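The values are calculated or read from the model by the stated rules, or taken from the named source; none is laboratory data. Every value quoted in this text rests on a predicted model; they were computed, and no experiment measured them. All Cβ positions, glycine included, derive from the backbone under ideal geometry; neighbour counts span all protein chains shown.
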């Protein structure tokens, strides 16, 4: 589920770009939804990237660096795309819409399963294992939902 901050940014960029409602609805329909509230966390991120790119091209928006890009990461440490993927996957299985709660629950999961205190301290190998573990949880959730 898209967060409220993502939805607000989508609507802000829609206004800045001056998108007509029909074009905006077509963009949402390409994701298989009718409203931005129905987007997943990852889909909302993709839509934001598209809108931000268009706004930057028109010099209407200054693109902010992607999360974790500004961190000095060594060769053995997890890459920024891996870290963003972990956060995105976790947001999709997290039951709460609160970003702070989601971050706390992710840290608790990683501490219990991988003995890592924070996402910033993951190595590439452990990041791969975390991604696989979260995808496994997703499969079990989908299997349980299909059984109902």
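Descriptive notes on the structure:
- Some residue of region 124-147 being within 14 Å of the chain's Cα centre (by Cα) and without any contact (Cβ under 8 Å) to a residue 12 or more places away in the chain: no
- Of residues in region 17-37 being touching a helix residue (DSSP H, G or I) at 6+ places or on another chain (Cβ under 8 Å) and part of a helix (DSSP H, G or I), the one nearest to residue 97 (Cα to Cα): 37
- Per this entry, residue 27 is not counted among residues that are assigned by TED's automatic domain parsing to the domain that holds residue 121 and surrounded by 15 or more Cβ atoms within 10 Å (Cβ to Cβ).
- Residue in region 58-79 that is surrounded by fewer than 16 Cβ atoms within 10 Å (Cβ to Cβ) and assigned to a helix (DSSP H, G or I) present: no
- Filtered residue count, region 132-148, keeping only those that are in contact with a helix residue (DSSP H, G or I) (Cβ under 6 Å, 6 or more places away or on another chain) and closer than 20 Å to residue 78 by Cα: 1
- Residues of region 93-148 that turn out to be at positive phi and surrounded by 11 or more Cβ atoms within 10 Å (Cβ to Cβ), as a count: 0
- Given (1) surrounded by 13 or more Cβ atoms within 10 Å (Cβ to Cβ); (2) part of a loop (DSSP other than H, G, I, E, B), index of the condition residue 89 fails: (2)
- Checklist (1) touching a residue at least 40 places away in the same chain (Cβ under 8 Å); (2) in the same structural domain as residue 142 (by TED's automatic domain parsing); (3) part of a helix (DSSP H, G or I) applied to residue 51, failing item: (2)
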